[in-house]
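Engineer: Handing you a structure now.
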Amino acid sequence: MDQILAAWVFGILLCSSNTISAMPVPPLQISPGKVPTNDCKPIVIAHRGASGYVPEHTLGAYALAITMGADYVEPDLVMSSDGHLIARHDNELGLTTDVSLHPEFANRYRTQTVDGKKMSGWFTEDFTLSELKTLRAVERIPDSRPGNARMNGAFEIPTFQEIIDLVKSMEMSERRTIGIYPEIKHGTHFQNLGLAMERPVVETFNKNGYFGSSSAVYIQSFEVSNLKDLKAITDFRLIQLYSSNPDNQPFDQFVAGTKLTYGDMATLNGLREVATYAHAVGPEKGYIIPRNSDDTLGNPTSFVKDAHAVGLEVHPYTFRAENSFLPAEFRSNNLSESAIGDFVGELKAFIATGIDGLFTDQPDVPLRIRDQCSF
């Protein structure tokens, strides 16, 4: 299995010397009057695995996240040409695999429109699973994570089933429940290709013994109609994702000719409508605390309060420790975009708003904060 998970993720990253220092974290104070589902105890969702330490969407990244204690692991799902669910950030393979180094696939390079955007590259829907298994994963953002690039080529592309198998095996060794939180990527695009993912995702879960809302499962999408379709065929908890740009439309709504935008869905009335089919919402974190013109954090909005008022959990994305992703006041003095800033400071600001969960690339850090939370 990926050379025994790349020698158990290079000796747990050389005995944790490459993870963020486990310095003591001051207790987090929560303002009175908050009423989230898990006040001061948000669930920690390992975004594409522990992708701050290991290339994303690899069994190594998922295994490390589970070892760190993540409540859920999150795979983005796309389809192969022969109908297999695989974990990739997008259906384009050039940024996350070594496909460009495979001369046998040079003629697969092409340009197409995906979700209204013209893209050039190699696409999963043009490859069988056996062909995809000849590729090796590489770090998607090496400028921000040069350390991860040393693991380029260590892992193959995992299938959804392989991720479930890993989770189930590690549940036995970890002696706890580990949740799975897949995102259906480019739903309309794959539906139009005859490779719809919605029912196969549910069937894969069912085949592995997951049923109903009591399972440690969430299914997420940036589109609306596929979540409503899922609502009709499963009791799994569903999560409506929100684009970082409130003026954008879910692509299925654009195709349908509606005027619905993510901004519309973020109003109290919009959230009330989302609550008719979803259990939770996954906004880009700027919906909760927007940034000022100088890129510092502004004042919290009413998003969390409004979502809770209509019965929705709030799981914002994505929390990352590197300077290139942090608000200005939490960046380190080291101007490098890959330098680690005051990640704890940003996390504390958002947890204090009463969020119920969060997506993070470094799950060990919010877990440490959560363990020291004061009520």
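The values are calculated or read from the model by the stated rules, or taken from the named source; none is laboratory data. What you see is a predicted model, and the numbers here were worked out from it, not measured in a lab. Quick reminder, even Gly has a Cβ in these numbers, built from the backbone with ideal geometry, and neighbours come from all protein chains shown. All accessible areas refer to the heavy atoms of the entire protein, side chains included, with ligands and DNA or RNA removed. Shrake-Rupley method; radii C 1.70, N 1.55, O 1.52, S 1.80 Å.
Engineer: Tell me which strands (runs of 3 or more DSSP E) are completely within the range 82-195 and hold 2 or more residues being surrounded by fewer than 20 Cβ atoms within 10 Å (Cβ to Cβ), or say none if there are none. Give the steps one after another, and end with the answer.
Structural biologist: Values: elements: 85-87, 110-114, 117-121.
Output list reads 110-114, 117-121.
Engineer: Here is a further query. Output yes when any residue across the range 249-270 is under 23 Å from the mean Cα position of the chain (by Cα), open to solvent by less than 10 Å² (accessible area, probe 1.4 Å), within 18 Å of Gly357 (Cβ to Cβ) and aliphatic (A, V, I, L, M), and no when none is.
Structural biologist: Scanning the range 249-270, I find no residue that is under 23 Å from the mean Cα position of the chain (by Cα), open to solvent by less than 10 Å² (accessible area, probe 1.4 Å), within 18 Å of Gly357 (Cβ to Cβ) and aliphatic (A, V, I, L, M), so the answer is no.
Engineer: Looking only at the range 62-81, filter to residues that are in a loop (DSSP other than H, G, I, E, B) and either of a type in the set (Gly, Ala, Ser) or more than 23 Å from Val44 (Cα to Cα) (or both); which one of those is farthest from the chain's Cα centre (by Cα)?
Structural biologist: Here is the first cut: in the range 62-81, the ones in a loop (DSSP other than H, G, I, E, B) are 69-71, 75, 80-81.
Checking which are either of a type in the set (Gly, Ala, Ser) or more than 23 Å from Val44 (Cα to Cα) (or both) leaves us with 69-70, 80-81.
On the way: Gly69: 16, Ala70: 13, Ser80: 20, Ser81: 24 Å.
Out of the qualifying residues, it is Ser81.
Engineer: Would you confirm whether any residue within the range 33-46 is open to solvent by 10 Å² or more (accessible area, probe 1.4 Å), at pLDDT 95 or above and not polar (S, T, N, Q)? Please lay out each step first, then the result.
Structural biologist: Applying the first criterion (open to solvent by 10 Å² or more (accessible area, probe 1.4 Å)) to the range 33-46 yields 33-39, 41, 43.
Now drop any that are not at pLDDT 95 or above, which leaves 43.
With the extra rule that they be not polar (S, T, N, Q), the set shrinks to 43.
There is at least one residue in the range 33-46 that is open to solvent by 10 Å² or more (accessible area, probe 1.4 Å), at pLDDT 95 or above and not polar (S, T, N, Q).
Engineer: Next up: Condition first: of a type in the set (A, V, I, L, M, F, W, C), more than 11 Å from Ala65 (Cβ to Cβ) and over 19 Å from the mean Cα position of the chain (by Cα). Now tell me which residues in the range 162-179 satisfy that.
Structural biologist: Matches in the range 162-179: Met172 only.
Engineer: Here is a check on your reading of the model: is Leu312 surrounded by 15 or more Cβ atoms within 10 Å (Cβ to Cβ), out of contact with any Ser or Thr (no Cβ under 7 Å at 6 or more places or on another chain), more than 24 Å from Ile239 (Cβ to Cβ) and among the hydrophobic types (A, V, I, L, M, F, W, C)? Spell out how you get there, then give the answer.
Structural biologist: Numbers: surrounded by 15 or more Cβ atoms within 10 Å (Cβ to Cβ): yes; out of contact with any Ser or Thr (no Cβ under 7 Å at 6 or more places or on another chain): yes; more than 24 Å from Ile239 (Cβ to Cβ): no; among the hydrophobic types (A, V, I, L, M, F, W, C): yes.
Criteria not met by Leu312.
Engineer: Determine, yes or no, whether Val255 is over 30 Å from Ile66 (Cα atoms) and modelled with pLDDT of 95 or more. I'd like the intermediate steps shown before the answer.
Structural biologist: Numbers: over 30 Å from Ile66 (Cα atoms): yes; modelled with pLDDT of 95 or more: yes.
For Val255, the condition - over 30 Å from Ile66 (Cα atoms) and modelled with pLDDT of 95 or more - is met.
Engineer: On the given criteria, is Phe303 out of contact with any Lys or Arg (no Cβ under 9 Å at 6 or more places or on another chain), more than 19 Å from Glu183 (Cβ to Cβ), touching a residue at least 12 places away in the same chain (Cβ under 8 Å) and aromatic (Phe, Trp, Tyr)?
Structural biologist: On the way: out of contact with any Lys or Arg (no Cβ under 9 Å at 6 or more places or on another chain): yes; more than 19 Å from Glu183 (Cβ to Cβ): yes; touching a residue at least 12 places away in the same chain (Cβ under 8 Å): yes; aromatic (Phe, Trp, Tyr): yes.
Answer is yes for this residue.
Engineer: While we're looking at this one, here's another question. Quick check, is Asn299 open to solvent by 30 Å² or more (accessible area, probe 1.4 Å), part of a loop (DSSP other than H, G, I, E, B) and touching a strand residue (DSSP E or B) at 6+ places or on another chain (Cβ under 9 Å)?
Structural biologist: Judged against the criteria, Asn299 is not a match.
Engineer: Do we have Lys348 as in a helix (DSSP H, G or I) and open to solvent by 50 Å² or more (accessible area, probe 1.4 Å) here? Give the steps one after another, and end with the answer.
Structural biologist: Working: in a helix (DSSP H, G or I): yes; open to solvent by 50 Å² or more (accessible area, probe 1.4 Å): yes.
Criteria met by Lys348.
Engineer: Filter the range 315-344 down to residues that are of a type in the set (Gly, Ala, Ser) and touching a residue at least 12 places away in the same chain (Cβ under 8 Å) and give me whichever is farthest from Leu238 (Cα to Cα). Break it down into steps so the answer makes sense when it comes.
Structural biologist: Residues of the range 315-344 that are of a type in the set (Gly, Ala, Ser), as a first pass: 321, 324, 328, 332, 336, 338-339, 341.
Restricting the remaining residues to those that are touching a residue at least 12 places away in the same chain (Cβ under 8 Å) gives 321, 324, 328, 336, 338-339, 341.
Working: Ala321: 27, Ser324: 30, Ala328: 33, Ser336: 38, Ser338: 34, Ala339: 35, Gly341: 33 Å.
Here the answer is Ser336.
Engineer: While we're here: Take the conditions over 30 Å from Gly147 (Cα atoms) and open to solvent by 30 Å² or more (accessible area, probe 1.4 Å) and apply them to Pro246. Does it pass? Even if it seems obvious, please write down each step before you answer.
Structural biologist: Working: over 30 Å from Gly147 (Cα atoms): yes; open to solvent by 30 Å² or more (accessible area, probe 1.4 Å): yes.
So Pro246 passes the test.
Engineer: Would you check which residues across the range 199-225 are farther than 23 Å from Leu64 by Cα, open to solvent by less than 20 Å² (accessible area, probe 1.4 Å) and in a helix (DSSP H, G or I) and list them?
Structural biologist: Hits for the range 199-225 are Val201, Val202.
Engineer: Sticking with this structure for a sec: Does at least one position in the range 243-251 carry a residue that is within 20 Å of Tyr287 (Cβ to Cβ), touching an Asp or Glu at 6+ places or on another chain (Cβ under 6 Å) and assigned to a loop (DSSP other than H, G, I, E, B)?
Structural biologist: We begin by selecting, within the range 243-251, every residue within 20 Å of Tyr287 (Cβ to Cβ); these are 243-251.
From what's left, touching an Asp or Glu at 6+ places or on another chain (Cβ under 6 Å): 244, 250-251.
So of that shortlist, the ones also assigned to a loop (DSSP other than H, G, I, E, B) come out as 244, 250.
Yes, because at least one residue in the range 243-251 is within 20 Å of Tyr287 (Cβ to Cβ), touching an Asp or Glu at 6+ places or on another chain (Cβ under 6 Å) and assigned to a loop (DSSP other than H, G, I, E, B).
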